[in-house]
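What follows is a short report on a single structure.
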Amino acid sequence: MPQTVLVGVDGSEESVRALRWAAKHVSDVGGIVHAAMIWHQPVQFGYRLPTPDKELEQRARTLLDGAVERIKSEFPKVDLRARLIRGHVVNEMVALSKQADLLVVGNKGHGAFAGMMVGSVALKLVHHAACPVVVVR
């Protein structure tokens, strides 16, 4: 049965590995891969940083498109779709997981503490996603 596989992408090599794993999985079982990047305006010490939203969205789009193109070149027959969403990463991925058969994330992404086995976002998704989760190392 074809699967809808959701992959969290943040531009890190770990997320590219997760996207590659998902593409390989879908090439074996059939289905669609949705590469989702969630972006937001960062807040530091209670204040929004001065980077314009348009610039942050463009950076996210560039990272997402770069990851998707890399994997599409390796798996040209896989139906791989990019989704760029503004919001809180855990909340958005949990909501998207309700429409997926499988959620795939890297073990660490941007901002992870050195030496962590599993990043905080991946850990939260393992506990709250509405579908099975694969954490790719």
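The values are calculated or read from the model by the stated rules, or taken from the named source; none is laboratory data. Computed from a prediction, not measured in an experiment: that's the story for all the values here. Neighbour counts are summed over all protein chains in view; Cβ atoms, including those assigned to glycine, are modelled from backbone coordinates with ideal geometry.
Given the conditions (1) assigned to a loop (DSSP other than H, G, I, E, B); (2) at pLDDT below 95, and given that Ala130 satisfies all but one, which numbered condition is not satisfied?
Exception for Ala130: condition (2).
Which members of region 1-40 meet the condition of being hydrophobic (A, V, I, L, M, F, W, C), more than 10 Å from the chain's Cα centre (by Cα) and modelled with pLDDT of 95 or more?
Val5, Trp21, Ala22, Ala23, Val26, Val29, Ile32, Val33
Please find, among Val5, Val26, the residue that is touching a His at 6+ places or on another chain (Cβ under 9 Å), in contact (Cβ under 8 Å) with a residue 24 or more places away in the chain and under 14 Å from Val104 (Cα atoms).
The match here is Val5.
Considering each residue of region 64-89, count those that are at pLDDT below 95 and either over 24 Å from His128 (Cα atoms) or crowded, with 19+ Cβ neighbours inside 10 Å (or both), and give that number.
Looking only at that region, the number is 1.
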